[in-house]
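Asks: Below you'll find the structure I mean.
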Amino acid sequence: MTRRAQIAIVGDFNSANVTHEFTNSALEHVGHERLVFGSDRPPVPFPLERSLGHVRALNLATEHERAVLGENAEKLFRLA
């Protein structure tokens, strides 16, 4: 069994620094169950859909995408 790192990887999905490769690397190292989507919305000057598009472009399984886009945050902050 592979042990996944217990680290925080922070990236701004609207930055030129966060690439598809960066995000895939984060998924490989911490797994979809530990990756949490976040945004600066508001007050950033572009639509939220742009940031969500970066996650959707990863073509994750539906349940993994749901986890990254919300369910993991619900668990982390004990909202669910």
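The values are calculated or read from the model by the stated rules, or taken from the named source; none is laboratory data. Only a predicted model underlies this, so the values are computations on that prediction, with no experimental measurement involved. All Cβ positions, glycine included, derive from the backbone under ideal geometry; neighbour counts span all protein chains shown.
Asks: So is Phe22 at pLDDT below 85, of a type in the set (Phe, Trp, Tyr) and touching a Ser or Thr at 6+ places or on another chain (Cβ under 8 Å) or not? Give the derivation first.
Replies: Working: at pLDDT below 85: yes; of a type in the set (Phe, Trp, Tyr): yes; touching a Ser or Thr at 6+ places or on another chain (Cβ under 8 Å): no.
No, not satisfied.
Asks: Follow-up question, since we're still on this one. Search region 24-58 for residues being free of Cβ contacts under 8 Å to residues at least 24 places away in the same chain and hydrophobic (A, V, I, L, M, F, W, C), and hand back the single one that is farthest from Asn72 (Cα to Cα).
Replies: Here is the first cut: in region 24-58, the ones free of Cβ contacts under 8 Å to residues at least 24 places away in the same chain are 25-26, 28, 41-43, 45, 47-49, 52-53, 56.
From what is left, the residues that are hydrophobic (A, V, I, L, M, F, W, C) are 26, 48, 52.
Working: Ala26: 15, Leu48: 19, Leu52: 15 Å.
Going through the qualifying residues, I end up with Leu48.
Asks: Here are the criteria: (1) among the polar types (S, T, N, Q); (2) exposed (fewer than 15 other Cβ atoms within 10 Å of the Cβ); (3) at pLDDT 75 or above. Tell me which single one Asn17 does not satisfy.
Replies: Only one criterion is unmet by Asn17, namely (3).
Asks: Find all pairs meeting these conditions: Cβ atoms under 7 angstrom apart; at least six residues apart or on different chains; first residue within region 61-78 and more than 20 Å from Thr23 (Cα to Cα); second residue outside any helix (DSSP H, G or I) and of a type outside the set (D, E, K, R).
Replies: Listed by first residue and then by second, the contacts come to Glu74/Ala80.
Asks: Just name the residue that is farthest from Ala67 (Cα to Cα) out of those in region 32-47 that are out of contact with any Leu (no Cβ under 8 Å at 6 or more places or on another chain) and modelled with pLDDT of 85 or more.
Replies: We begin by selecting, within region 32-47, every residue out of contact with any Leu (no Cβ under 8 Å at 6 or more places or on another chain); these are 33-34, 38, 40, 42-47.
Checking the rest, the ones that are also modelled with pLDDT of 85 or more come to 33-34.
Numbers: Glu33: 6, Arg34: 9 Å.
Of everything passing the filter in region 32-47, Arg34 is farthest from Ala67 (Cα to Cα).
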